[in-house]
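The values are calculated or read from the model by the stated rules, or taken from the named source; none is laboratory data. What you see is a predicted model, and the numbers here were worked out from it, not measured in a lab. All Cβ positions, glycine included, derive from the backbone under ideal geometry; neighbour counts span all protein chains shown. Accessible surface is based on the protein model in full, side chains and every heavy atom, while ligands, DNA and RNA are left aside. Shrake-Rupley method; radii C 1.70, N 1.55, O 1.52, S 1.80 Å.
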Amino acid sequence: MAQNFFPADTVFSVTNLTSLIKELLEGSFTSITVEAEISGYRPNSSGHLYFTLKDENAQISAVMFRGKAAGLSFTPKDGMKVRCTGTVSVYAQRGNYQLIISKMEQSGEGVILQLLEERKRKLSMEGLFDQNRKKKIPVFPKTIGVITSPTGAALRDILQITRRRNKTVNVVILPAQVQGEAAAKTIVSQIEYANAVSIADLLIVGRGGGSLEDLLPFSEEIVVRAVADSKIPVISAVGHEIDWALCDYAADLRAPTPSAAAEIAVPQLSDIKNELAFYSNELLTAINRKIERFKLILKSFNPDQMELRFRSIQQPLLGRLDNAKNDLITSMENFLKEKKQKIRENANILEISSPKSILSRGYSMVKNESGNIVRSKKDIRCGESLKIYPAEGVIEATAK
């Protein structure tokens, strides 16, 4: 039982009692942390936040002033479970107490969010989220692989939208767990399998909405790395538009929902046909314009004019041809004259140098018994038979 520090006959005024309560509470609860659910959330135009913190059995009024509220990383809302740190304050004029909050974070999710931020920072520093890694999403994919729960609403939405937009696009379902401890490994396994067999032109990886804990597999490091390393372009479609996962940053494109991913991935068949018809008409129109233009050009020429125009082009060319022919003939004649003169000169030189020509001028050639030409008296012996060759005939002699 609470101890009574005042005599039983003590009489307090309301002000005195409230002052004592204020002193007791504010002095005892200078910094406390409360985990509860937000109710009656009403932000003030001045920036202050007013709401109630409650659990199953009790509630307490709370306020977070503008200066502290500006540092919140999330937007509070009714039903959100939070962990608040602050002091208890008594508002004497109304006779109630409230919690003045200096720090507030989402309960349970706060630790997860901190973990995800650290992981995001690490993977970002490795370059896994760099824009230059992003692959272009194919405009006309023939086959789309969908990695998600085979029984989830996300797959039903994707299939429905694909059939509605373009029945010619094939959808390959790659079933995977999207929640729980084994989810990340099955998602990675399907991404790796799709790449190993080149099963599709495009992959959609995702699931429907859920709590932050439900979406955790899509923020696991092995999933983020598998998405980043995929040779097949990947669209990440995790949860609702306000949800996020780390694979959103590693994917080549992030879609706000699985339905939106199907809208992005699958081109509208009617749009394709309309666009083809438009370009076909544009091409035919351009061709017809060209034909009409050429017809007008042809009409401006009659046979006589065309002949005159041809002659005006032909005559200068014929003149150049004749000049070139004459120059060639003259060059060849001069070349032949030079060569003939050279041949005559060489023939004269050969004639003069011929032994017969020398002998005809009265000279003779003498050979000894060995058949060698005698150039000196030293080449013969006394009594040796000699042969003398004048211009005609042979003379035999004996050396004395």
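State which residue pairs qualify: first residue touching a residue at least 24 places away in the same chain (Cβ under 8 Å) and more than 16 Å from Ile187 (Cα to Cα) and inside region 243-268, second residue open to solvent by 20 Å² or more (accessible area, probe 1.4 Å) and among the hydroxyl-bearing types (Ser, Thr, Tyr) in any location, beta carbons under 8 Å apart, and separation of 6 or more residues or different chains.
Tyr249/Ser124
Could you tell me how many of the residues in region 213-230 are open to solvent by 20 Å² or more (accessible area, probe 1.4 Å) and touching a residue at least 40 places away in the same chain (Cβ under 8 Å)?
To start, the set of residues in region 213-230 that are open to solvent by 20 Å² or more (accessible area, probe 1.4 Å) comprises 213-214, 216, 220-222, 225, 229.
Imposing the further condition that a residue be touching a residue at least 40 places away in the same chain (Cβ under 8 Å) reduces the set to 213, 216, 221, 225.
Adding up the residues that qualify gives 4.
Would you check which residues across region 82-111 are aliphatic (A, V, I, L, M) and open to solvent by 30 Å² or more (accessible area, probe 1.4 Å) and list them? Give the steps one after another, and end with the answer.
Taking region 82-111 first, the residues aliphatic (A, V, I, L, M) are 82, 88, 90, 92, 99-101, 104, 111.
Answer for region 82-111, where residues must be aliphatic (A, V, I, L, M) and open to solvent by 30 Å² or more (accessible area, probe 1.4 Å): Ala92, Ile100, Val111.
Given the structure, is Lys136 under 30 Å from Asn170 (Cα atoms), among the basic types (Lys, Arg) and not in a strand (DSSP E or B)? Walk me through how you get there before you give the answer.
Working: under 30 Å from Asn170 (Cα atoms): yes; among the basic types (Lys, Arg): yes; not in a strand (DSSP E or B): yes.
Answer is yes for this residue.
Identify the residue in region 298-310 that is open to solvent by less than 100 Å² (accessible area, probe 1.4 Å) and either among the small types (Gly, Ala, Ser) or in a helix (DSSP H, G or I) (or both) and, among all such residues, is modelled with the lowest pLDDT.
Ser300
Name the single residue, out of those in region 44-66 being part of a loop (DSSP other than H, G, I, E, B) and either in contact with a helix residue (DSSP H, G or I) (Cβ under 7 Å, 6 or more places away or on another chain) or small (Gly, Ala, Ser) (or both), that is farthest from Ser89 (Cα to Cα). Write out each step before concluding.
Looking only at region 44-66, we keep the residues that are part of a loop (DSSP other than H, G, I, E, B), and these are 44-48, 55-58, 65.
Keeping just the survivors that are either in contact with a helix residue (DSSP H, G or I) (Cβ under 7 Å, 6 or more places away or on another chain) or small (Gly, Ala, Ser) (or both) gives 45-48, 58.
Values: Ser45: 22, Ser46: 21, Gly47: 20, His48: 16, Ala58: 17 Å.
Among residues in region 44-66 that are part of a loop (DSSP other than H, G, I, E, B) and either in contact with a helix residue (DSSP H, G or I) (Cβ under 7 Å, 6 or more places away or on another chain) or small (Gly, Ala, Ser) (or both), the one farthest from Ser89 (Cα to Cα) is Ser45.
Checking the conditions here, which among Gly40, Gly86, Gly79 is under 30 Å from Ile242 (Cβ atoms), among the small types (Gly, Ala, Ser) and not in a strand (DSSP E or B)? Give the steps one after another, and end with the answer.
Details: Gly40 fails: not in a strand (DSSP E or B); Gly86 fails: not in a strand (DSSP E or B).
The unique qualifying residue is Gly79.
Kindly evaluate Thr143 against the criterion of being open to solvent by 60 Å² or more (accessible area, probe 1.4 Å) and hydroxyl-bearing (Ser, Thr, Tyr). Walk me through it before giving the result.
On the way: open to solvent by 60 Å² or more (accessible area, probe 1.4 Å): no; hydroxyl-bearing (Ser, Thr, Tyr): yes.
Answer is no for this residue.
In region 24-72, which residues are of a type in the set (Phe, Trp, Tyr) and open to solvent by 60 Å² or more (accessible area, probe 1.4 Å)?
Here is the first cut: in region 24-72, the residues of a type in the set (Phe, Trp, Tyr) are 29, 41, 50-51, 65.
Phe29, Tyr50, Phe65, listed by residue number.
Within region 231-262, can you find the residues that are in a loop (DSSP other than H, G, I, E, B) and either open to solvent by 10 Å² or more (accessible area, probe 1.4 Å) or of a type outside the set (Gly, Ala, Ser) (or both)? Spell out how you get there, then give the answer.
Here is the first cut: in region 231-262, the ones in a loop (DSSP other than H, G, I, E, B) are 231-233, 239-245, 251-252, 255-257.
If the condition is that a residue be in a loop (DSSP other than H, G, I, E, B) and either open to solvent by 10 Å² or more (accessible area, probe 1.4 Å) or of a type outside the set (Gly, Ala, Ser) (or both), then Lys231, Ile232, Pro233, His240, Glu241, Ile242, Asp243, Trp244, Asp252, Pro256, Thr257 are the ones that fit.
It is to be established whether one or more residues within region 114-128 are part of a helix (DSSP H, G or I) and more than 29 Å from the chain's Cα centre (by Cα). Show your work before the answer.
Our first condition is that a residue be part of a helix (DSSP H, G or I); within region 114-128, this holds for 114-125.
Checking which are more than 29 Å from the chain's Cα centre (by Cα) leaves us with 114-115.
Scanning region 114-128 turns up at least one residue that is part of a helix (DSSP H, G or I) and more than 29 Å from the chain's Cα centre (by Cα).
Applying the selection to region 146-168, what residues are open to solvent by 30 Å² or more (accessible area, probe 1.4 Å) and in a loop (DSSP other than H, G, I, E, B)?
As a first pass, look at region 146-168 and keep what is open to solvent by 30 Å² or more (accessible area, probe 1.4 Å): 150-151, 153, 156-157, 159-160, 163-165, 167-168.
Residues satisfying the conditions are Pro150, Thr151, Lys167, Thr168.
What are the residue pairs meeting all of these: first residue in region 134-147, first residue more than 20 Å from Val238 (Cα to Cα), second residue open to solvent by 60 Å² or more (accessible area, probe 1.4 Å), Cβ atoms under 6 Å, and 6 or more apart or on different chains?
Pro138/Asp201; Pro141/Asp201; Lys142/Asp201; Thr143/Asn170; Thr143/Asp201
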